[in-house]
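Read through the structure below, which is laid out as structure tokens, and then see the notes.
The values are calculated or read from the model by the stated rules, or taken from the named source; none is laboratory data. Bear in mind that the values here come from a model prediction, so they are computed numbers and not experimental data. We place every Cβ from the backbone using ideal geometry, glycine too, and count neighbours over all the protein chains shown. Accessible surface areas use protein heavy atoms only, side chains included; no ligands, DNA or RNA. Shrake-Rupley method; radii C 1.70, N 1.55, O 1.52, S 1.80 Å.
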Amino acid sequence: KPFDEIELETPLANALEQYRLTKEVASLRDQLHAQSTFSMLFDDSPRMAEVQQQIERLASADVPVLISGESGTGKELVARALHASSLRRDKPLVKVNCSALPQDLLECELFGFERGAFAGAIQDKPGKFEFASQATMFLDEISAMSLPLQGRLLRVMQEGQFARPG
């Protein structure tokens, strides 16, 4: 169809400007989110600055991270800051308190199960590992897990894959 160049110029310029603004807003939101996450967690102490630097380094790596410390020292806050700074920040942060569930239930919660795996398993149930695929998972109190379950967890961390029971 015959178009007048002036008729196309304005809508195209508007579309390009809208695209640029959308990208800029997304970038600014990411910066604001990262700043607000760190500002609520860190003070001016050298040790906390070191923790912040470690989080910033780890945020771009796609590796499992062990956060250790006494109860009440802020492990979950560090996990949240790490998640918020990571490439997975737009995905959920899946939290599991391993000491809050009995071992059998914890295994089903983490790994899910196949229909018929045990009495009462009438349908497949995905576990937290499947739900957290491509997301971030925070396992709190893993020392409360049984040793065999810790072994399965280690295998998942090393290989990045698992099988549902059944």
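Report, by residue number, each residue of the stretch 80-95 that is of a type in the set (A, V, I, L, M, F, W, C) and either more than 12 Å from the chain's Cα centre (by Cα) or open to solvent by 50 Å² or more (accessible area, probe 1.4 Å) (or both). Spell out how you get there, then give the answer.
So in the stretch 80-95, the residues of a type in the set (A, V, I, L, M, F, W, C) come out as 81-82, 84, 87, 93-94.
Correct list: LEU87 only.
For residues that are open to solvent by 60 Å² or more (accessible area, probe 1.4 Å) and among the basic types (Lys, Arg), tally how many sit in the stretch 117-135. Show your work before the answer.
Taking the stretch 117-135 as the starting set, the residues that turn out to be open to solvent by 60 Å² or more (accessible area, probe 1.4 Å) are 118-120, 122-126, 130-131, 133-134.
The next check asks that each one be among the basic types (Lys, Arg); those that pass are 125.
Summing the residues that are open to solvent by 60 Å² or more (accessible area, probe 1.4 Å) and among the basic types (Lys, Arg) in the stretch 117-135 gives 1.
Filter the stretch 82-135 down to the residues that are part of a loop (DSSP other than H, G, I, E, B) and in contact with a helix residue (DSSP H, G or I) (Cβ under 7 Å, 6 or more places away or on another chain), then identify the one that is farthest from GLY72 (Cα to Cα).
From the stretch 82-135, those part of a loop (DSSP other than H, G, I, E, B) are 86-92, 98-102, 114-124, 127, 132-135; that's our starting set.
When the remaining residues are screened for being in contact with a helix residue (DSSP H, G or I) (Cβ under 7 Å, 6 or more places away or on another chain), the result is 86, 89, 98-99, 101, 127.
Numbers: SER86: 23, ARG89: 24, CYS98: 16, SER99: 15, LEU101: 20, GLY127: 27 Å.
Only one residue tops the list, namely GLY127.
Just one of (1) open to solvent by 40 Å² or more (accessible area, probe 1.4 Å); (2) farther than 30 Å from ALA26 by Cβ; (3) out of contact with any strand residue (DSSP E or B) (no Cβ under 8 Å at 6 or more places or on another chain) trips up LEU77, so point out which.
It fails just one condition, (2).
Go through the stretch 136-148 and count every residue that is part of a loop (DSSP other than H, G, I, E, B) and either crowded, with 19+ Cβ neighbours inside 10 Å or among the β-branched types (Val, Ile, Thr) (or both).
Count: 1.
For the condition under 28 Å from LYS125 (Cβ atoms) and touching a residue at least 60 places away in the same chain (Cβ under 8 Å), what is the one hit in GLU76, GLU109, GLU114?
On inspection, the qualifying residue turns out to be GLU76.
Out of all the residues in the stretch 32-49, which are loosely packed, with under 10 Cβ neighbours inside 10 Å and either at pLDDT 80 or above or in a helix (DSSP H, G or I) (or both)?
Residues satisfying the conditions are SER39, PRO46, ARG47.
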